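Here the structure comes first, spelled out in structure tokens, and everything after it is commentary.
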Amino acid sequence: MTAPVGLGTSASRGAAVTLLGQGTRAVVLVTGVVVLARLLEPEDYGLLAMVVAFTGVAEVVRDFGLTNAAVRTPHLTTGQRTNLFWLSSGIGAALGLLVLAASPLVAAFYADPRLQGVAAWLSLTFVLNGVMAQYKADLNRTLRFGALTGVEVAGQVTGLATAVLLALGGAGYTALVAQQLVQLLAQLVLLLAVARWLPGPWVRGESVRPFVRFGANLVGGQMLGYVGNHVDTVVIGSTLGAGPLGLYNRAYQLLVLPLHQVNAPMTRVALPVLARLQDQPARYRQFLLTGQTAMLGLVTTLLAFAAAQAPALVLVALGPRWEQTAGIFQVLTLGGFFVMAGYACYWVYLSLGLTREHLRLQLVTAPVQVLCVLVGSQWGLYGVAWGWSLGVLLQWPANLWWLHRVSDAPVGAILRNGARTVLVHGWALGASWAATRGLGPDATWDALLLGAVALVLALAVAALVVPAYRRDLRTVAGLPRYLRARPPVRPAAPSGGPSTEPSADVRAAP
């Protein structure tokens, strides 16, 4: 089958549009963080974080992995799409009812009656997300990244505007709850307008079992990962209260901001393309490693600067009453480096259908993460942060070893890319931090400027000394040209749904 001209071109345009849109989303997010941090109290964020720690478990399973299953399928019949819509919507509605019924238990666990109302209102988000899931999956699968990005940005802006207006009126934590709901409602309205598709009744004879098998293992692994990554919130909220949790939550969100703003768009572009390159190992490897190099180079640069200049950054972004978050953020950033270093492994698990193997990995690594946080909690907020970062660090080599066992993925190259990036940017972080050590506490903008210059100079020195890092920079610079190379696509899979087995060229080891 002749490759459509569109894959390479669509990937290039999709990456550009998605990154541009994600940059816009980042601006909106930062604006929201800066503005709302000055209108709300740490306790307001802590209350929302307490509830989300529990409802987030339901969020992981809200469409049972059906979105990713649909995205990685080259061909989807109208009947399958209809059935997946009803299945995702039904799961979302069931989870919404479950969260609503559990809202008194959440309030009782934390001994704070305000949380019952927060949980009850947030239960509606599961219904909305369930309805939207397959609309978003279809736009992603068909590489309509511009439309999908526009919907998300518009919804985010609408939600933020609502939250700011309510916060100005003294609504407190209610503004944060309203932000979540309004954002999703706006997205749903726009998706219906963009997609111009309404599902019919359930279509008999159109099986979705392969999608469910794929999703079941994926959801199991994601749920275990969620527990490991959010046990810190439960521990702090139940032992120290909403105020300290609000401080920790802001530090964690400062870490997640750059991670999510790059991970999400890169995964959105990488997953459908990698799934179509399964039968072409050389191109699969090249696309995977190129994507990993680009993602690592961008995010770790941001993390290194943010960690080195955290006190000044927090003062500018959040204001003086949040200064305690700076030290917590610096500790969490250590874990953030290793989150990024291993993210390419996740692309492999998804694109090759290795969700069962991913679940088996999480059965081991998630308990280790929980244990690290519980032990660290004996030393308060900083102990929890150190425990979380140590748990993430330990997951990285385990992830690489297991991926080597179950696939033919270029694990050695993934390891070298990650280790080199961590070492180079660790050196740059230290240089930026040392350059501003002698500045006084009031030299906030001087610290940010001098720290940025020192970071760039340190990376320039690394480029001169480390040939592999120079190659990384050339790879990032040549990314648009590579994406336009138009790699051929394997033929579409039969309409019976996605295969849960990888191709013979990159098959998992028995």
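Details
- Contour excess over end-to-end distance, with Cα ends at R209 and L457 and 0.36 nm allotted per residue: 83.9 nm
- Solvent exposure of the stretch 312-416 as accessible area per residue, Å², 1.4 Å probe: 39
- Here the label points at W379 and A413, each 7 Å from Cα along the C-beta direction, are separated by 4.0 nm in the simple model.
- Percent accessible area from carbon and sulfur atoms, the stretch 158-222, protein chains only, probe 1.4 Å: 63
- Estimated at the nearest 10 Å², the accessible area of H425 is 0 Å² with a 1.4 Å probe.
- Mean-position separation - Cα centroids, the stretch 86-156 and the stretch 343-418, in angstrom: 27
- Convex hull per residue volume in Å³, alpha carbons only, for the stretch 294-388: 101
- T142 exposes around 60 Å² of accessible area when a 1.4 Å probe is run over every protein chain in place.
- Exposure check, 1.4 Å probe, all protein chains in place: W197 carries approximately 40 Å² of accessible surface.
- Charge dipole (Cα centre; +1 on Lys/Arg Cβ, -1 on Asp/Glu Cβ; no other charges) of the stretch 363-474 amounts to roughly 400 debye.
- One Cα centroid belongs to the stretch 181-207, the other to the stretch 263-301; the line between them spans 29 Å.
- Taken over the stretch 169-284, the percentage of Cα pairs per 10 Å bin, counting from 0 up to the bin with the maximum distance, is 9, 19, 36, 24, 11, 2.
- Loop-located chymotrypsin sites (Phe, Trp or Tyr not before Pro) in the stretch 211-311 (DSSP state not H, G, I, E or B) with no more than 15 neighbouring Cβ atoms inside 10 Å do not occur.
- Top positive-direction residue, dipole computed over the stretch 222-324 with Cβ charges, set G319, V234, L296: L296
The values are calculated or read from the model by the stated rules, or taken from the named source; none is laboratory data. Not measured: the values here are computed from a predicted model. Every residue, glycine as well, gets a Cβ built from its backbone with ideal geometry; the counts of neighbours run over all protein chains shown. Just the protein is used for accessible areas: all its heavy atoms, side chains included, with ligands, DNA and RNA removed. Shrake-Rupley method; radii C 1.70, N 1.55, O 1.52, S 1.80 Å.
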